[in-house]
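The values are calculated or read from the model by the stated rules, or taken from the named source; none is laboratory data. If you're wondering where the values come from, they're calculated on a predicted model, not measured in any experiment. Using ideal geometry, Cβ is built from the backbone for each residue, glycine included, and neighbour counts are taken over all protein chains shown.
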Amino acid sequence: MSALAQLYQDIVACRDCDLAKGRTKAVPGEGAEDADLFFIGEGPGWHEDQQGRPFVGPAGQFLDQLLASVGLRREEVYIANVIKCRPPQNREPLPAEIQTCRKWLDRQIDLIQPRMIVTLGRHSLSLYFPAESIGKIHGKPRQVDGVIYYPMYHPAAALHQGSLRGTIEMDMLRIPQILAQCKELPQNVLEDRQLSLF
Ligand code: URA
């Protein structure tokens, strides 16, 4: 069994917080084990809880469209969430739940070693840049320890606030260029400094 498959089993068996009591299925995440691009959403909603898969409801359909706009299918990237179990009534995850669940996301990232982490929405953004606001830094890549972090609005934001749709689409369209540029650079340059080309 691969380390990632073992990790899925551990996540599905996790009872480390009360969200485990209300879930139908835990939603570990899915995608390519060697993905360059790693998307992090917030947490499972109703559809995800039923199916045990991330982003399979309306926000997921929009994410699929966004991926298609840059020639990608979800099987070619990795998609996960900050928390792995659906909160009651889709409420926002509590800080303690995020903290308890973080080990799983960290382990996924360790195993996949993506070049670029795309945070979707403010909960995943605040894992890495707690003092920043999404309105200010969406669409602006940052490099930390050889990984590019790229904050985007959550796809669901476009479903509630139509005016954000174009912004999200534009931010997505920049991803291939950023990824191509970071692949061209030797790893030591990435580790060294903020990239001027961004
Ligand atoms: N919203 C999320 O943040 N994650 C999902 O998996 C689905 C909707």
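Filter the range 19-31 for residues that are without any contact (Cβ under 8 Å) to a residue 60 or more places away in the chain and assigned to a loop (DSSP other than H, G, I, E, B); which is surrounded by the most Cβ atoms within 10 Å (Cβ to Cβ)? Once the filter is applied, the top-ranked residue is 27.
So, residue 49, is that one in a helix (DSSP H, G or I), within 28 Å of residue 181 (Cα to Cα) and either small (Gly, Ala, Ser) or without any contact (Cβ under 8 Å) to a residue 40 or more places away in the chain (or both) or not?
Numbers: in a helix (DSSP H, G or I): yes; within 28 Å of residue 181 (Cα to Cα): no; either small (Gly, Ala, Ser) or without any contact (Cβ under 8 Å) to a residue 40 or more places away in the chain (or both): yes.
When the stated conditions are applied, residue 49 does not pass them.
None of 102, 73, 107, 91 is surrounded by fewer than 23 Cβ atoms within 10 Å (Cβ to Cβ) and within 14 Å of the ligand (Cβ to nearest atom) except 91. Listed by first and then second residue, the pairs with beta-carbon distance under 7 Å, at least 6 apart or on different chains, first residue in the range 145-164 and more than 16 Å from residue 66 (Cβ to Cβ), second within 16 Å of the ligand (Cβ to nearest atom) and β-branched (Val, Ile, Thr), are 147/117; 149/117; 149/119. Residues that are under 14 Å from residue 154 (Cβ atoms) and either more than 6 Å from the ligand (Cβ to nearest atom) or touching a Phe, Trp or Tyr at 6+ places or on another chain (Cβ under 9 Å) (or both) within the range 25-43 comprise 39, 40, 41, listed in sequence order.
Looking only at the range 150-167, decide whether some residue is crowded, with 21+ Cβ neighbours inside 10 Å and β-branched (Val, Ile, Thr). No, the conditions are met nowhere in the range 150-167. Scanning the range 68-92 for residues that are free of Cβ contacts under 8 Å to residues at least 60 places away in the same chain and not in a strand (DSSP E or B) turns up 68, 72, 73, 74, 75, 76, 77, 82, 89, 90, 91, 92. Here the range 37-57 is the region considered, the condition is being surrounded by fewer than 24 Cβ atoms within 10 Å (Cβ to Cβ) and in contact with a strand residue (DSSP E or B) (Cβ under 7 Å, 6 or more places away or on another chain), and the residue that is farthest from residue 71 (Cα to Cα) is 42.
Does the range 166-188 contain at least one residue that is in a strand (DSSP E or B) and either at pLDDT below 95 or within 19 Å of residue 38 (Cα to Cα) (or both)? Checking the range 166-188: not a single residue is in a strand (DSSP E or B) and either at pLDDT below 95 or within 19 Å of residue 38 (Cα to Cα) (or both). The residues of the range 93-145 that are touching a His at 6+ places or on another chain (Cβ under 9 Å), aliphatic (A, V, I, L, M) and not in a helix (DSSP H, G or I) amount to a single one, 120. Only a single criterion out of (1) within 30 Å of residue 22 (Cβ to Cβ); (2) in contact with a Pro (Cβ under 7 Å, 6 or more places away or on another chain); (3) of a type outside the set (S, T, N, Q); (4) not in a loop (DSSP other than H, G, I, E, B) is not satisfied by residue 150, namely (1). In the range 110-133, the qualifying residues are those that are among the charged types (D, E, K, R) and more than 17 Å from residue 143 (Cβ to Cβ), and the one that is surrounded by the most Cβ atoms within 10 Å (Cβ to Cβ) is 122.
Within the range 137-147, is there a residue that is under 30 Å from residue 9 (Cβ atoms), charged (D, E, K, R), modelled with pLDDT of 95 or more and touching a helix residue (DSSP H, G or I) at 6+ places or on another chain (Cβ under 7 Å)? No.
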